[in-house]
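The values are calculated or read from the model by the stated rules, or taken from the named source; none is laboratory data. As the structure is a computational prediction, the values presented were derived from the model and not from experiment. SASA here: full protein model, heavy atoms, side chains in, ligands and nucleic acids out. Shrake-Rupley method; radii C 1.70, N 1.55, O 1.52, S 1.80 Å.
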Amino acid sequence: VDTGDGSPPAPTAAKPPEAPVQTYVVQPDDTLWEISKKVYKRGAAWRTIYEANRDVIKNPDRPPPGAVLKIPPAPPKE
């Protein structure tokens, strides 16, 4: 980009590549705890899945079967 004053253009920061969004199709009788154990290897991270899918999950105790959930990156272990 020519700044018009002879100075070099400002460098632009390169965006780090975004990780592809992982998804999970809810099976009958799935719970968020069980899904979290499957995808994160620990059930206690269920809230991460819930927060990313509040538009789909009305009751966190029973996610709707057949719903496609977005699975964000695993949260740090506490």
For Ile71, other-chain or 5+-apart residues with amide H closer than 5 Å (H placed, Pro excluded) are Gln22, Thr23, Tyr24
Quick check: residue separation of Gln27 and Arg47 times 0.36 nm, minus the Cα distance between them. What number comes out in nm?
5.4 nm
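Among Val26, Val68, Val39, what's the order by accessible area (1.4 angstrom probe), most exposed first?
Ranking Val26, Val68, Val39 by accessible area, largest first, yields Val68, Val39, Val26.
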